[in-house]
Amino acid sequence: MSAVVKLANVHKSFGSNKVLDGVSFEVGRGEVAAVIGQSGSGKSTALRCINALETIEGGTIEVCGHAVHDKALDRRNLRRDVGIVFQSYNLFPHLTVEQNIMLAPTCVKALSKQKARDLAHEVLARVGLGEKAGHYPEQLSGGQQQRVAIARSLAMQPKLMLFDEVTSALDPQLTGEVLKVMEDLARGGMTMILVTHEMAFARKVASKVVYMHKGKVWETGPGSMLDKPTTPELADFVGSGL
Ligand code: ADP
Ligand code: MG
């Protein structure tokens with residue numbers, strides 16, 4: 001399996017705070033990696049480094065053939081290949097759902113309006129919101145807005161999708177519909193890395209679980225490792241129900 005993402009001995013500090021302390025892991029094509037761990041363990045920072053939203057001080061990061069650690073990295077090229085979705089969906093309130101989705105394909109990829117509109121309808125259908133193209137974000141529930149944010153990323157036809165706690169701000173009844181979209185994406189072969197507190201989801205969908213603790217990859221393995229932790233830290237984490 002060829003690696004889409006490869007972190008090797010990555011180091012990152014904020015001032016004297018060592019946030020990533022020799023992080024290494026790989027994600028192969030079509031793989032779904034769930035990154036779990038206590039708050040502050042470095043999960044978001046790791047994700048942000050993969051998309052070059054942070055620079056690193058040591059180690060290497062290869063993503064879809066881009067050397068992300070290289071000072072000469074072309075960030076625009078990298079971000080054509082990598083979609084990222086955050087907890088806050090950040091849709092433009094004055095644009096319709098369709099216009100929100102068309103923005104990047106027309107501006108960044110110079111797609112014609114008609115092609116971008118077709119694409120918008122295609123990705124909206126994939127997230128089950130084909131009927132909402134003409135709506136404004138405020139007319140949608142939080143779960144629906146997050147699905148639009150996912151659709152907006154998909155419209156750039158990324159090779160890799162990153163999700164950082166995309167359901168954390170949602171009510172439990174809206175969480176399920178977003179997880180369903182992510183599960184469909186995974187089943188469709190999308191390579192994904194997701195930071196999540198949804199342990200049941202990680203167990204079910206992830207081909208690989210990366211447990212981070214104090215800026216290190218403490219344990220990594222298939223979803224079943226959550227049932228048989230080999231470190232007391234992961235046992236504690238899983239046992240706490242977080
Ligand atoms: P997690 O996502 O696992 O909760 P983060 O990667 O967000 O952890 O944060 C890890 C550590 O890095 C925390 O101590 C946090 O305060 C610190 N940190 C994250 N981002 C910044 C930043 N931009 N500036 C300074 N410190 C930061
Ligand atoms: Mg985080």
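For the reader, a short list of remarks on this structure follows.
- The lone exception for H94 - which of (1) in contact with a Lys or Arg (Cβ under 8 Å, 6 or more places away or on another chain); (2) more than 16 Å from ligand 2 (Cβ to nearest atom); (3) of a type outside the set (S, T, Y) it fails: (1)
- Here segment 149-169 is the region considered, the condition is being away from ligand 2 (no atom under 16 Å from the Cβ) and of a type in the set (G, A, S), and the residue that is surrounded by the most Cβ atoms within 10 Å (Cβ to Cβ) is A151.
- Residue that is farthest from E165 (Cα to Cα) [pool: residues in segment 13-35 that are near ligand 1 (Cβ under 9 Å from one of its atoms) and buried (at least 23 other Cβ atoms within 10 Å of the Cβ)]: L20
- Criterion: of a type in the set (S, T, Y) and under 19 Å from V195 (Cα atoms) - qualifying residue of S24, S13: S24
- The single residue among A46, A8, A67 that is away from ligand 1 (no atom under 15 Å from the Cβ) and under 30 Å from E233 (Cα atoms) turns out to be A8.
- G215 farther than 20 Å from V32 by Cα and modelled with pLDDT under 95: no
- Residues satisfying the stated conditions in segment 106-140, i.e. assigned to a helix (DSSP H, G or I) and of a type in the set (K, R): K113, K115, R117, R126, K132
- Subset tally (residues that are in contact with a Cys (Cβ under 6 Å, 6 or more places away or on another chain) and within 16 Å of ligand 1 (Cβ to nearest atom)) for segment 127-178: 0
- When the residues of segment 130-148 are filtered to those that are among the hydrophobic types (A, V, I, L, M, F, W, C) and surrounded by fewer than 22 Cβ atoms within 10 Å (Cβ to Cβ), the one that is farthest from P93 (Cα to Cα) is A133.
- Against the conditions (1) under 30 Å from R187 (Cα atoms); (2) surrounded by fewer than 22 Cβ atoms within 10 Å (Cβ to Cβ); (3) among the aliphatic types (A, V, I, L, M), V10 satisfies every one except (2).
- Of all the numbered requirements in (1) more than 26 Å from T175 (Cβ to Cβ); (2) in contact (Cβ under 8 Å) with a residue 12 or more places away in the chain, P93 misses one, and that requirement is (1).
- Qualifying positions in segment 95-105 - surrounded by 18 or more Cβ atoms within 10 Å (Cβ to Cβ) and not in a helix (DSSP H, G or I): T96
- The strands (runs of 3 or more DSSP E) found wholly in segment 1-91 and carrying at least 2 residues that are of a type in the set (A, V, I, L, M) and within 16 Å of ligand 2 (Cβ to nearest atom) occupy 17-28, 32-36, 82-85.
- Filtered residues of segment 146-169 (kept if assigned to a helix (DSSP H, G or I) and of a type outside the set (D, E, K, R)): Q146, V148, A149, I150, A151, S153, L154
- Residue count for segment 49-74 under the criterion of being of a type in the set (D, E, K, R) and surrounded by 18 or more Cβ atoms within 10 Å (Cβ to Cβ): the result is 1.
The values are calculated or read from the model by the stated rules, or taken from the named source; none is laboratory data. Just so we're clear, the structure is a prediction, and the values are computed from it rather than from any experiment. Cβ sites come from the backbone with ideal geometry, for glycine too, and all protein chains shown count toward neighbours.
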